[in-house]
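Written below as structure tokens is the structure these notes are about.
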């Protein structure tokens, strides 16, 4: 039996996610029909550049006329419902699939397209996409939620991208997205605070970043192989109260870093092995006294 032809895909948006998604769909044998720009002229410039790279045409939302079977909205969360509303008359939506890639919002953001006959779903890759980076989607988990037909179509696409689809319930989307926030953006915030602590130790930011990489890589390797409890080291796990006191004292000179340290130390006492828990909790509680 001949393989079912892959659906054509139109991507709405031309940001970092749209670039990564369009490029890897194109390499995976999907025909990208259009890149639809929204917003200022700079958005159309990006859309044209991306369209050239994947053999598509570029247009603006006001002139979009969809021919593709799958329309994938890669726009900021705040713009999804508005974009769906603006595109409601760009096609006969019966039989089409409409997707968006918000981690926090549900498929109901596309309700106006569902009412027009489309099957809709939210499809979020648990990955970070930033300018200047080229993140692969292979082995990336995708959280899928929505109508059965749209979810089935999304799962087939994810499989072709060598990603890993899993189902997420609507009421769990906010917690799921908070999990992703901890895994990457807040990790970056921690690393930025770490660089400020390095400055207090007389090490400049660039040198600190370079010198931290071995311990960061080993920590992640340990976590991947052993899990968090078995990877935890340092004065808290040893119950070294005196060293923690010294840290809290010196961190008075690093704005914001002391609060980060205390919050993470409390989290460690909650989730990870530690000796002298009572003494550690008292030190953190009474830290303002020293």
Compute the long axis of helix 16-27 from its Cα atoms, compare it with the longest principal axis of the Cα atoms of the chain, and write down the angle in degrees, 0 to 90, nearest 10.
60 degrees
Taking r as the C-beta separation of residue 191 and residue 49 and R0 as 41 Å, the FRET efficiency to the nearest 0.05 is 0.85
Run the helix sum for the chain: -39,500 (n - 2.57) per DSSP H stretch of 4+ residues, divided by residue count, reported at 222 nm to the nearest 500 deg cm²/dmol.
-15000 deg cm²/dmol
Length gain on complete extension for the stretch residue 128 to residue 169, per 0.36 nm per residue less the alpha carbon to alpha carbon distance?
12.6 nm
Which of the three applies to the stretch 10-116, rounded, prolate or oblate, going by the alpha-carbon gyration tensor with a ≥ b ≥ c and a/c under 1.5 meaning rounded?
rounded
For mean projected area of the Cα convex hull in nm², one of [x] 21.6; [y] 16.0; [z] 18.9 was computed from the structure I shared and the rest are decoys. Which label?
[z]
The stretch 106-251: projected area of the alpha-carbon convex hull, averaged over directions, in nm²
12.3 nm²
Let a ≥ b ≥ c be the square roots of the eigenvalues of the Cα gyration tensor of the stretch 228-271; is it rounded (a/c under 1.5), or, if not, prolate (a/b larger than b/c) or oblate?
oblate
Run the quick spin-label model on residue 104 and residue 152: label points 7 Å from Cα toward the beta carbon, then report their separation in nm to one decimal.
3.3 nm
Computed FRET efficiency, Cβ-Cβ of residue 282 and residue 182, R0 25 Å: what is it to the nearest 0.05?
0.40
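How would you classify the stretch 184-289 from its alpha-carbon gyration tensor, with a ≥ b ≥ c the square roots of the eigenvalues: rounded for a/c under 1.5, else prolate if a/b is greater than b/c, otherwise oblate? Intermediate results must be reported in sequence, preceding the final value.
Details: a/c = 1.92, a/b = 1.10, b/c = 1.74.
Oblate is the answer for the stretch 184-289, as a/c is 1.5 or above yet b/c matches or exceeds a/b.
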Protection proxy ranking, peptides 153-161, 225-233, average beta carbon neighbours within 10 Å, highest first
153-161, 225-233
How high is the relative contact order of the stretch 184-289? Use alpha-carbon pairs under 8 Å, at least six apart in sequence, and give a whole percent.
29 percent
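Of 128, 59, how do they rank once you tally other Cβ atoms within 10 Å and put the fewest first?
Numbers: 128 15, 59 19.
So the residues, fewest neighbours to most, are 128, 59.
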How high is the FRET efficiency between residue 263 and residue 82 when r is their beta carbon distance and R₀ equals 35 Å, given to the nearest 0.05?
0.45
Nearest 10, in degrees from 0 to 90: the angle of helix 205-226 to the longest Cα principal axis of the chain is 80 degrees
What is the helix-to-structure angle for 241-250, meaning the angle in degrees between its Cα long axis and the longest Cα principal axis of the chain, kept from 0 to 90 and rounded to the nearest 10?
70 degrees
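Values quoted throughout were computed directly from the atomic coordinates according to the rules given, and no laboratory measurement underlies them. Keep in mind it's a predicted model, so treat the numbers as computed, not measured. Every residue, glycine as well, gets a Cβ built from its backbone with ideal geometry; the counts of neighbours run over all protein chains shown.
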